[in-house]
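Chemist: If you scroll down you'll find the structure; I have some questions about it.
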Amino acid sequence: ICNLAGVVVFQTFLKKAPFRPLLFWGTIVSTALGLSNLILVFHYNRVLGIPDGFFCLGESAIQSVIGWIATMPIIVLASRLCPEGMEGTMYALIMSINNLGGILGSQIGAVITEILGVSATNLDNFWLLVTICNASTLLPLVLISWIPKGDPQDVKRFDEM
């Protein structure tokens, strides 16, 4: 439901917004919200009277909405750039790359977890693991210059160039 909400928010309010700032701010907001996990790690949510389960549920819901708002420009841009009739193939490619990124991220996260010595019985560096994982979500901003600056409606298909 939250993923659908992200798509609806994008389609209703953001589909004509330039993609580069949308991706930039989507990444920044997503990273900032990801750091809210530190509130859970240090139990500040309990100080605020929010049970752990409700905090996790709310944070996850908001992250899903923001995640799809940030994903939609890539999907729309790719569908506009690819030759006619290849949109499904392009979508499959994007999702495959996304899945590969998830797999690689999990493996790298496991290595960092091992290096920091975090385990079920040792959570001393768990806060650092959460911080490193969230900071890594800023890495794609290095490539943001690849996204067209201007109006997303001006993007032409590859076969129209």
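Chemist: With angles folded into 0 to 90 degrees, how steeply does helix 52-81 sit against the dominant principal axis of the chain? Use alpha carbons for both and round to 10.
Modeler: Here the helix axis deviates by roughly 20 degrees.
Chemist: Turning to a different aspect of this structure: Decide, for region 57-133, between rounded, prolate and oblate: order the square roots of the alpha carbon gyration tensor eigenvalues as a ≥ b ≥ c, take rounded if a/c falls under 1.5, and otherwise choose prolate if a/b is larger than b/c, else oblate.
Modeler: Numbers: a/c = 4.18, a/b = 2.20, b/c = 1.90.
Prolate.
Chemist: To the nearest 20 debye, what is the magnitude of the charge dipole of region 29-137 about its Cα centre, counting +1 on the Cβ of each Lys and Arg and -1 on the Cβ of each Asp and Glu? Kindly include the intermediate steps, with their values, before the conclusion.
Modeler: Working: 2 positive and 6 negative charges, 26 e Å.
Once rounded to the nearest 20, the dipole reads 120 debye.
Chemist: Quick check: Cα centre of region 18-36 to Cα centre of region 46-81, how many Å?
Modeler: Here the two parts' Cα centres lie 10 Å apart.
Chemist: While we're here: Using a ≥ b ≥ c from the Cα gyration tensor of region 77-120 (square roots of the eigenvalues), is it rounded, prolate or oblate, where a/c under 1.5 gives rounded and otherwise the larger of a/b and b/c decides, a/b for prolate? Could you put the intermediate results ahead of the total?
Modeler: On the way: a/c = 6.60, a/b = 4.90, b/c = 1.35.
It comes out prolate by the Cα gyration axes.
Chemist: Remind me, what semi-axes does the chain give for its equivalent ellipsoid, largest first in whole Å, using sqrt of 5 times each Cα gyration tensor eigenvalue?
Modeler: On the way: eigenvalues 230, 71, 36 Å².
Sorted largest first and rounded, they come to 34, 19, 13 Å.
Chemist: In addition: Could you tell me which of Ile132, Leu93, Ser145 has its Cα farthest along the dipole of region 6-154 towards the positive end, charges placed at Cβ (Lys, Arg +1; Asp, Glu -1), taken about the Cα centre?
Modeler: So the residue we want is Ser145.
Chemist: Here is a follow-up. Counting only heavy atoms of the protein chains, get the accessible area per residue of the chain (1.4 Å probe) and round it to a whole Å² value.
Modeler: Values: 10430 Å² over 161 residues.
That works out to 65 Å² per residue.
Chemist: Given Cα pairs under 8 Å that are at least 6 residues apart, what percent is the relative contact order of the chain?
Modeler: Working: 127 pairs, mean separation 67.1, N = 161.
For the chain, the relative contact order is 42 percent.
Chemist: Taking a ≥ b ≥ c as the square roots of the eigenvalues of the Cα gyration tensor of region 1-95, is the shape rounded (a/c under 1.5), prolate (a/b larger than b/c) or oblate? If you can, show how the numbers build up before the last one.
Modeler: Numbers: a/c = 2.88, a/b = 2.56, b/c = 1.12.
Because a/c hits 1.5 or more and a/b exceeds b/c, region 1-95 counts as prolate.
Chemist: Expressed as a whole percentage, what fraction of the accessible surface of region 23-161 belongs to carbon and sulfur atoms when a 1.4 Å probe is rolled over the protein heavy atoms? Mind showing how you got there, number by number?
Modeler: Working: 6300 of 8970 Å².
Summing carbon and sulfur atoms, their accessible area is 70 percent of the total for region 23-161.
The values are calculated or read from the model by the stated rules, or taken from the named source; none is laboratory data. This structure is a prediction, so every number in the text was calculated from the model and none was measured. No Cβ is skipped: glycine too gets one built from the backbone with ideal geometry, and neighbour counts run over all protein chains shown. Each accessible area value is taken on the protein alone, full model and side chains, heavy atoms only, with ligands, DNA and RNA left out. Shrake-Rupley method; radii C 1.70, N 1.55, O 1.52, S 1.80 Å.
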